[in-house]
Amino acid sequence: MMTFPPETAQDYCDYFQDMVLNAKPPDPKWETGLKASQMWRDYCETEDVSEHSQVLIPLIKILMPVRQAGSGLLDLWQQILRQVTKLPVREQREIWFAVFNVVNQGEYHVKHNDAALQILQEWIKLDSEITNIPVDKNIMTDIVNKVYLYTFSGYEWIIFTTALSEWFKEYIEGPSLYDAVCSKFEKKPD
């Protein structure tokens, strides 16, 4: 018997294969899930992916329109985005451009795409100028003030904020960007 949620890339393939064969009523979203899970499995099994974005962008474009059409699809979607946060910014940027492009989103639109693209552009610039401009807490605070308004507006935003936070951890000790975003929502005692 299959456990849910799937734990490995192969488990996702098995899950969606089972849904394709046995779901009542049948639904084309399971075929999409199977195709995406097979691509995800192939990605996970490849030892040296030199151009992550070239592999992940087609996968994102296939899965994104149905990402909220079932718990298995959403779980796979989140797994993929969490992997993106581990990549260098030069690999993440094209992936995030694809995620925040409304053309790829299907009927489940991500909120605040324009704000995400502006923050993404700023992050790319910071990353490219890292040798000339030291990243400090003031720069992180500026990004926190821009991102916190949107962080909890959807899964994509939460994971995008996590990606930013992971990047800042390389340059700043102390509370993470994510912690700083969350602290903006904490109530202060009177």
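The values are calculated or read from the model by the stated rules, or taken from the named source; none is laboratory data. Since the structure is predicted, the reported quantities are computational estimates derived from the model, not experimental observations. Virtual Cβ from ideal backbone geometry, glycine too; neighbours counted across all protein chains shown.
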| request: Give the residue that is farthest from His52 (Cα to Cα), with candidates limited to residues of the range 103-118 that are within 15 Å of the chain's Cα centre (by Cα) and assigned to a helix (DSSP H, G or I). | output: Asn113
| field | Residue check, Ile95 assigned by TED's automatic domain parsing to the domain that holds Gly154 and either exposed (fewer than 15 other Cβ atoms within 10 Å of the Cβ) or in contact (Cβ under 8 Å) with a residue 40 or more places away in the chain (or both) | value | no
| Is it true that Glu45 is within 21 Å of the chain's Cα centre (by Cα) and in the same structural domain as Leu63 (by TED's automatic domain parsing)? | yes
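Check every one of the helices (runs of 4 or more DSSP H) wholly within the range 2-90 and list those with 3 or more residues that are closer than 23 Å to Gly154 by Cβ and in contact (Cβ under 8 Å) with a residue 24 or more places away in the chain.
Details: elements: 9-22, 28-45, 52-63, 71-84.
So the answer is 28-45, 52-63, 71-84.
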| request: Just need a number here: residues in the range 166-176 that are within 14 Å of Asp127 (Cβ to Cβ) and in contact with a Phe, Trp or Tyr (Cβ under 8 Å, 6 or more places away or on another chain). | output: 1
| field | Lone unmet requirement of (1) over 30 Å from His109 (Cα atoms); (2) loosely packed, with under 12 Cβ neighbours inside 10 Å for Ile172 | value | (2)
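Answer yes or no as to whether Glu122 is over 20 Å from Lys61 (Cα atoms), of a type in the set (Asp, Glu), in a loop (DSSP other than H, G, I, E, B) and outside the structural domain of Leu73 (by TED's automatic domain parsing).
Numbers: over 20 Å from Lys61 (Cα atoms): yes; of a type in the set (Asp, Glu): yes; in a loop (DSSP other than H, G, I, E, B): no; outside the structural domain of Leu73 (by TED's automatic domain parsing): yes.
Taking the combined requirement at face value, the residue does not satisfy it.
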